[in-house]
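Each reported figure results from applying straightforward, stated rules to the coordinates on display, with no laboratory input. Treat the numbers as computed from the prediction; the structure is a model and nothing was measured. Reconstructed Cβ throughout: ideal geometry from the backbone, glycine too, with neighbour counts over all protein chains shown.
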Amino acid sequence: MPRKARIDAPGALHHIIVRGIEGKAIFNDRYDRYNFLDRFGDVLIAASTPCFAWALMFNHVHLLLRTGVTPIAKVMQRLLTGYAQQFNRRHKRHGQLFQNRYKSFLCEEDPYLLELVRYIHLNPLRSRVVRDLKQLSTYPFCGHHVLMGKYDHEWQDIDYVLALFGKTSGAARKAYETFISKGVAAGRRPELVGGGLIRSAGGWSALIGCRQSGIRIKGDERILGSSDFVEITLKQADERLAEKSRLQADGPNLETLIEKAAVYFEVDIEELTTPSKERRISHARSVVCYLAVRKLIISCANVARTLKISPSTVSKAVIKGRAVQDRKKILKDLLGI
């Protein structure tokens, strides 16, 4: 049976699990781990991808990411390909380092964000890599020590997580620490590692009860969330796929998009392809970047070359372009959707 395509969308929350091939190690020493973190941070910053939790284990990695400018699949491709190549060179090995397909579950945020932060950050303790919570709070290969203020990774979004625990950093960290400690006794949480009908129903007993009552439950192995969340997510994914297919078949290329944008915003094409910071030009360029990257699925690198700006500038412009107030009218006038 063919594998289903991954589901993604701007702002989507993903629990990602990367495993070594045949259960083998993906880190041989601290250098490998620090190298992975350096690459991870660079990729996240370039792609404007928030990270809420992470843990590097012996033969696998847990990540909790929110889709930013760049689709999660591309973020992971850049991270894993670069790391595997460097790992193989350093350890004089050949062949695959990771399993063919990492696991990625799109998660409903309200019920699962904090549970996943706790689950991921307790991994080193459950696996006895560290002895206790005190040692976990200084362990450098897990995001818990960053949330506890022991270290700073600019790519880890601690503000978003801590804001859910309190108004001040001190009160928030204390509440977060209590929350983490209460999860120790729970042990392994298989209900948090995947999606599917059983999890959407709330467990086997709940699923059986729903079926006996004639209640219809929607589930999907790629999604961790309630039945309603699964149904809405799948519907939106189908709509995005249909839009993407139509744009790829009938939509403009990048050059035509730039020409249309120049007319729409009443600027010269030459102005769009110069690094001008004038507001009207910057606004038009941001819209072009958003439509090109998110709707026409053109890479940031290709857009950057055409507009003569850096890929990181394109990533930032995509965010600005997505936030424009008259986006629906722009989509209709420039792309016909």
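What the Cβ-Cβ distance of residue 100 and residue 193 gives, at R0 = 22 Å and to the nearest 0.05, is a FRET efficiency of 0.75. Put in line by how crowded their Cβ is, counting other Cβ atoms within 10 Å and starting with the fewest, 51, 300 read 51, 300.
Fewest neighbouring Cβ atoms within 10 Å first, the residues 308, 24 line up as 308, 24. Listed values for the range 91-98 are Karplus-derived 3J(HN,Hα) couplings in whole Hz (6.51 cos²θ - 1.76 cosθ + 1.60, θ = phi - 60°), namely 9, 6, 10, 10, x, 6, 9, 10, and x replaces Gly and Pro. Look at where the Cα atoms of the range 138-186 and of the range 9-26 average out, and the two centres are 22 Å apart.
Charge dipole (Cα centre; +1 on Lys/Arg Cβ, -1 on Asp/Glu Cβ; no other charges) of the range 13-192 amounts to roughly 700 debye. Computed from backbone phi, the HN-Hα couplings of the range 300-316 come to 4, 5, 5, 5, 4, 5, 5, 8, 6, 10, 7, x, 5, 5, 4, 4, 5 Hz, rounded to whole numbers (Karplus: 6.51 cos²θ - 1.76 cosθ + 1.60, θ = phi - 60°; Gly and Pro given as x). By the Cα gyration tensor, the range 13-192 has an equivalent ellipsoid whose semi-axes, rounded to whole angstrom, run 26, 18, 16 from largest to smallest.
The amide H of residue 224, built 1.01 Å from its N in the peptide plane, has 106, 107, 108 as neighbours under 5 Å, considering only residues 5 or more places off or on other chains. Backbone geometry of the range 111-123 corresponds, through the Karplus equation with coefficients 6.51, -1.76 and 1.60 at θ = phi - 60°, to 3J(HN,Hα) couplings of x, 10, 4, 5, 4, 6, 4, 5, 4, 5, 6, 8, 3 Hz, x marking Gly and Pro. Listed from fewest to most Cβ neighbours within 10 Å, the set 148, 76 follows the order 148, 76.
Convert 10 °C to kelvin, take the viscosity as 1.306 mPa s, use the Kirkwood radius over C-alpha pairs of the range 251-335 as Rh, and evaluate the Stokes-Einstein diffusion coefficient in µm²/s, rounded to a whole number. The estimated diffusion coefficient comes to 130 µm²/s.
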